[in-house]
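*Asks:* Quick one: this structure, given as structure tokens, is what I'll be asking you about.
The values are calculated or read from the model by the stated rules, or taken from the named source; none is laboratory data. Because the structure is a prediction, the values reported are computed rather than measured. Please note: Cβ atoms are built from the backbone with ideal geometry, for glycine as well, and neighbour counts cover all protein chains shown. Accessible surface areas use protein heavy atoms only, side chains included; no ligands, DNA or RNA. Shrake-Rupley method; radii C 1.70, N 1.55, O 1.52, S 1.80 Å.
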Amino acid sequence: MWGGRFAEGPSAVMREINASIPFDQRLWQQDIAGSKAHVAMLGAQGIIDAADAAAIGEGLDTVAADYAANGVPIDLALEDIHMVTEARLAEAIGPVAGRLHTARSRNDQVATDFRLWVRDAIDAVDAGLGALQHALIARAEQHAADVMPGFTHLQSAQPVTLGHHLMAYHEMVARDRGRFADARRRLNLCPLGSAALAGTGFAIDRDATAAALGFDGPTRNSLDAVSDRDFAVEYLTAAAQAALHLSRLAEEFVIWASQPFGFVSLSDQWSTGSSIMPQKRNPDAAELVRGHSGRIIGCLMALMMTMKGLPLAYSKDMQDDKPPVFEAHDLLALSIAAMTGMIESATFRTDRMRALAESGYATATDLADWLVREGGVPFREAHHITGAVVKRAEEQNLPLDQLPIEDLRAIDARIDARVYDVLSVDASVASRTSFGGTAPVRVREAVAAARQARAQE
Ligand code: ARG
């Protein structure tokens, strides 16, 4: 396609290093859509004959139908999806195919295709994250009042509700979706018509092609448009952040599914066995989500490293933009689906959670708060008194709410029997009614608010 001034073809290695068709075939639908918008515009503007434009448009449909049925033919000599499609078009409709590339370069073509692809990827991820939120909301509602130990430093800290814990992830996913939506807004301008780098002398209509492809308008600077991959970096940034959240959730599932915790039993569908240890029920999917997040973050780094030193405008390094985006997208889509399936099907062992919440002196803060409220004790002193109470409880191997009143009063006479009202884990969570707190009533409100926000999407 570009060999006019070349006497010899490329070496085999040159051909191989140059070819992107093995991976950019994934852009074929976007490439066809971009070409159809372009050729319709060329016809409407009288830049090419209306009849030629119509023939090319139909020919592109034929090529698309062929790709859909048989896949994209991989021919390294044709380099990339743009050239493969043009060659296929020429086979289908003859030399008139050569008019398609008028007032266009592969530089604005690929920039347009890739934006379209990333836009679809964002929409797919958004739908997946929406389904994950749905699963979190449903399980949170079910467990709005079920007590579990809340941790800091992975040490039992204060009792919380499982519903509250799950809704914490709902918040993270909401922010992730916000980042994807934000990236999508900035992405949605059309590079087509920027041509190789400088624009074109043909009387093209960039507003028309932008509108035909669902963009909000054309990009404003041709040099920037062909060398900008911010949209891909932003996609990967949002993907990395989302993967980071999924990884934290996955890590909790790994911990919760361990025998010492026993907080969750994964369903048969979401665990694997061991080939040597028959008792094993391994949380492989959660571990792989945790593992995949590292690779996704790596994809972001790879693209940033590719882009950081490039002068304007297009350089072939930029062909390396696609593999990390494709890889990250596939890993993220799988990770989202896996976490959604695990959340939906997990059996939460609320009995275990409660037992551990009750055994870790998790209501010590409630005792200190009670001393402040009912005894007028300064918090620091109350903290000290409570420390002595916990020590006594440990010595007697009793939970706080079963320590006899004499023991409590021996430590501080300002304590009376009313204190037992706050020492149970249920009383503790029920009291945490501050906005955003763990009390079941607040969790149910959060669930309702999340449902309403989702209904308004
Ligand atoms: N396959 C190329 C890419 O993905 C298309 C653009 C090629 N442009 C060029 N001037 N060689 O970036």
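*Asks:* Need at least 3 residues that are aliphatic (A, V, I, L, M) and under 46 Å from the mean Cα position of the chain (by Cα) per element, so show me which helices (runs of 4 or more DSSP H) inside segment 361-423 make the cut, counting only ones lying wholly within it.
*Replies:* Fully inside segment 361-423 and qualifying: 364-375, 379-396.
*Asks:* How about segment 257-304: which of its residues are touching a residue at least 60 places away in the same chain (Cβ under 8 Å), touching a Phe, Trp or Tyr at 6+ places or on another chain (Cβ under 9 Å) and β-branched (Val, Ile, Thr)?
*Replies:* Within segment 257-304, just 264 meets the criteria.
*Asks:* Please verify whether segment 149-161 includes one or more residues that are closer than 30 Å to residue 286 by Cα and touching a Cys at 6+ places or on another chain (Cβ under 9 Å).
*Replies:* Our first condition is that a residue be closer than 30 Å to residue 286 by Cα; within segment 149-161, this holds for 149-161.
Filter once more, keeping what is touching a Cys at 6+ places or on another chain (Cβ under 9 Å): none.
Scanning segment 149-161, I find no residue that is closer than 30 Å to residue 286 by Cα and touching a Cys at 6+ places or on another chain (Cβ under 9 Å), so the answer is no.
*Asks:* Can you say whether residue 142 is touching a residue at least 12 places away in the same chain (Cβ under 8 Å), within 16 Å of the ligand (Cβ to nearest atom), polar (S, T, N, Q) and out of contact with any strand residue (DSSP E or B) (no Cβ under 7 Å at 6 or more places or on another chain), as far as the supplied structure shows?
*Replies:* no
Condition check ((1) free of Cβ contacts under 8 Å to residues at least 60 places away in the same chain; (2) more than 20 Å from residue 35 (Cβ to Cβ); (3) away from the ligand (no atom under 16 Å from the Cβ)) across all residues:
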residue: 192; (1), (2), (3): no, no, no
residue: 202; (1), (2), (3): no, no, yes
residue: 208; (1), (2), (3): no, no, yes
residue: 218; (1), (2), (3): yes, no, yes
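*Asks:* Just to verify a result, which residue in segment 330-340, among those that are in contact (Cβ under 8 Å) with a residue 40 or more places away in the chain and open to solvent by 20 Å² or more (accessible area, probe 1.4 Å), is farthest from the ligand (Cβ to nearest atom)?
*Replies:* Checked segment 330-340; the qualifying residue farthest from the ligand (Cβ to nearest atom) is 337.
*Asks:* Output the residues belonging to segment 102-122 that are assigned to a helix (DSSP H, G or I) and of a type in the set (Val, Ile, Thr).
*Replies:* Within segment 102-122, 110, 112, 118, 122 qualify.
*Asks:* Just give me the residues in segment 272-312 being surrounded by 18 or more Cβ atoms within 10 Å (Cβ to Cβ) and among the hydroxyl-bearing types (Ser, Thr, Tyr), in sequence order.
*Replies:* 293, 306
*Asks:* Another question, if that's okay. Can you give me the ranges of the helices (runs of 4 or more DSSP H) entirely in segment 1-101 with at least 1 residues that are of a type outside the set (S, T, N, Q) and within 16 Å of the ligand (Cβ to nearest atom)?
*Replies:* Helices (runs of 4 or more DSSP H) meeting the threshold: 12-18, 21-24, 28-44, 81-93.
*Asks:* Checking residue 201 against (1) over 25 Å from residue 442 (Cβ atoms); (2) part of a helix (DSSP H, G or I), which test does it fail?
*Replies:* (2)
*Asks:* Is it true that some residue in segment 249-263 is under 17 Å from the mean Cα position of the chain (by Cα) and open to solvent by less than 40 Å² (accessible area, probe 1.4 Å)?
*Replies:* yes
*Asks:* With open to solvent by 10 Å² or more (accessible area, probe 1.4 Å) and among the polar types (S, T, N, Q) as the only criterion, which of 112, 62 stands out? Walk me through how you get there before you give the answer.
*Replies:* Details: 112 fails: open to solvent by 10 Å² or more (accessible area, probe 1.4 Å).
Answer to the selection: 62.
*Asks:* Which one of these is modelled with pLDDT of 95 or more and more than 14 Å from the ligand (Cβ to nearest atom): 271, 293, 265?
*Replies:* One residue alone meets the criteria, 293.
One line per residue, one yes/no per condition, for (1) farther than 30 Å from residue 347 by Cα; (2) in contact with a Pro (Cβ under 9 Å, 6 or more places away or on another chain):
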{"position": "43", "(1), (2)": "yes, no"}
{"position": "51", "(1), (2)": "yes, no"}
{"position": "59", "(1), (2)": "yes, no"}
{"position": "90", "(1), (2)": "yes, no"}
{"position": "117", "(1), (2)": "yes, no"}
{"position": "131", "(1), (2)": "no, no"}
{"position": "150", "(1), (2)": "no, yes"}
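Residues are listed down the side, and each one gets a yes or a no for (1) touching a residue at least 24 places away in the same chain (Cβ under 8 Å); (2) surrounded by 20 or more Cβ atoms within 10 Å (Cβ to Cβ):
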residue: 342; (1), (2): yes, yes
residue: 355; (1), (2): no, no
residue: 386; (1), (2): no, yes
residue: 413; (1), (2): no, no
residue: 418; (1), (2): yes, no
residue: 423; (1), (2): yes, yes
residue: 435; (1), (2): no, no
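*Asks:* Here is a further query. Go through 177, 220, 229 for me and flag whichever is open to solvent by 40 Å² or more (accessible area, probe 1.4 Å) and of a type in the set (D, E, K, R).
*Replies:* Of the residues listed, the single one that is open to solvent by 40 Å² or more (accessible area, probe 1.4 Å) and of a type in the set (D, E, K, R) is 220.
*Asks:* On the basis of being in contact (Cβ under 8 Å) with a residue 24 or more places away in the chain, within 16 Å of the ligand (Cβ to nearest atom), buried (at least 19 other Cβ atoms within 10 Å of the Cβ) and closer than 24 Å to residue 216 by Cα, does residue 104 make the cut?
*Replies:* Against the criterion (in contact (Cβ under 8 Å) with a residue 24 or more places away in the chain, within 16 Å of the ligand (Cβ to nearest atom), buried (at least 19 other Cβ atoms within 10 Å of the Cβ) and closer than 24 Å to residue 216 by Cα), residue 104 qualifies.
*Asks:* Restricting to segment 313-329, what's the tally of residues that are more than 14 Å from the chain's Cα centre (by Cα), open to solvent by 50 Å² or more (accessible area, probe 1.4 Å) and among the charged types (D, E, K, R)?
*Replies:* Of the residues in segment 313-329, 3 are more than 14 Å from the chain's Cα centre (by Cα), open to solvent by 50 Å² or more (accessible area, probe 1.4 Å) and among the charged types (D, E, K, R).
*Asks:* On to the next question. Among the candidates 206, 184, which residue alone is in contact with a Gly (Cβ under 8 Å, 6 or more places away or on another chain) and open to solvent by 40 Å² or more (accessible area, probe 1.4 Å)?
*Replies:* 206
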